[in-house]
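Worksheet: the structure to be examined is printed underneath.
The values are calculated or read from the model by the stated rules, or taken from the named source; none is laboratory data. Please read these numbers as outputs of a predicted model, since none were measured by experiment. Cβ placement follows ideal geometry from the backbone for every residue including glycine, while neighbour counts extend to all protein chains displayed.
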Amino acid sequence: MHLVLSKRVSVWSKLAAGAFAVFCVFALGSSAHAMTCTFASVGTSDWNTAGNWDCGWVPTSTTDVVIPASTSTNMSATSYASSVTIGVGSILDFNSKWLNLYGNWVDNGSTAHSLLQAEGSSNQTIGADNTISYFLAHKTGGAVATLVGDLTVGTFEANAGTVDANGYNVTVTGSGTGFGRPFQATLGTFLPNYGQVFYTGSGDTDIEPIVYADLNFTGSGPYNITASTTATGQVT
């Protein structure tokens, strides 16, 4: 048994398919561009209150977040953003909640109690000069998180993908041993690219067994070399 379509049906089918294809391209193109939300601080300083944003909703992983100059913002739950730009004189208090970041980080102000996770399969930059309590990189699909400023952290962890220091310095202020060591990059990859690493902690600390450029110990330690560790530059 053969089914024969008339020319009229064939033409309309092609038109419908073409219209659907145009719609899909438009939809995909639209979703590729993140929406910008600026913190307006209407009544409270809570990041997780929709009314505090000029876009009318709490930012998602596809939202470019702008915190204007001289603004205080506090997170009350795990939060998400495509990119974040913190204005001069502003402070973002994470309240020890995680911010999952899928794009670039620009901190012209300051942060407190900060847990920042660099996420996703897109390359991103982390800068300018930053102080982060806990920085965690979980990059997939070969994506890279690249520093564009010096980074001071209590704990640094690259557990997937690559963090490229890009010639900037990483200062590790925490201390700890074993699974609690303050610098961890054996599951992911850390590329110093001439950037120095400074261990400044004042407690018993295991040194991450990776390849460093310049490796510096400026805290009281003690510091423990537990496995093969390489410094291609100076050790001080």
- Of the residues in segment 33-68, those that are in a strand (DSSP E or B) and under 16 Å from the mean Cα position of the chain (by Cα) number 4
- Query: Hey, among VAL84, VAL65, VAL88, which residue is of a type in the set (Val, Ile, Thr), within 17 Å of MET35 (Cα to Cα) and free of Cβ contacts under 8 Å to residues at least 24 places away in the same chain?
  - Reply: VAL84
- Go through VAL153, VAL170, VAL197, VAL211 for me and flag whichever is in contact with a Pro (Cβ under 9 Å, 6 or more places away or on another chain) and more than 24 Å from SER83 (Cα to Cα). VAL211
- Item | Tabulated pairs, segment 138-150, first touching a residue at least 12 places away in the same chain (Cβ under 8 Å), second surrounded by fewer than 18 Cβ atoms within 10 Å (Cβ to Cβ) and charged (D, E, K, R), C-beta under 8 angstrom, 6+ apart or interchain | GLY149/ASP129; ASP150/ASP129
- Message: Only one of TYR223, TYR212 is touching a Ser or Thr at 6+ places or on another chain (Cβ under 9 Å), crowded, with 18+ Cβ neighbours inside 10 Å, more than 24 Å from GLU119 (Cβ to Cβ) and of a type in the set (Phe, Trp, Tyr). Can you tell me which?
- Response: TYR212
- Message: Can you confirm whether GLY154 is within 25 Å of the chain's Cα centre (by Cα) and at positive phi?
- Response: no
- Query: Just a yes or no: is a residue in segment 226-235 surrounded by 18 or more Cβ atoms within 10 Å (Cβ to Cβ) and touching a Leu at 6+ places or on another chain (Cβ under 7 Å)?
  - Reply: no
- Of residues in segment 16-65 being at pLDDT below 75 and of a type in the set (S, T, N, Q), the one farthest from LEU101 (Cα to Cα): SER30
- If you go through segment 172-200, how many residues are farther than 20 Å from THR226 by Cα and assigned to a strand (DSSP E or B)? 1
- If you go through THR111, THR177, THR173, the only one that is closer than 26 Å to THR60 by Cβ, over 12 Å from the mean Cα position of the chain (by Cα) and among the hydroxyl-bearing types (Ser, Thr, Tyr) is THR111
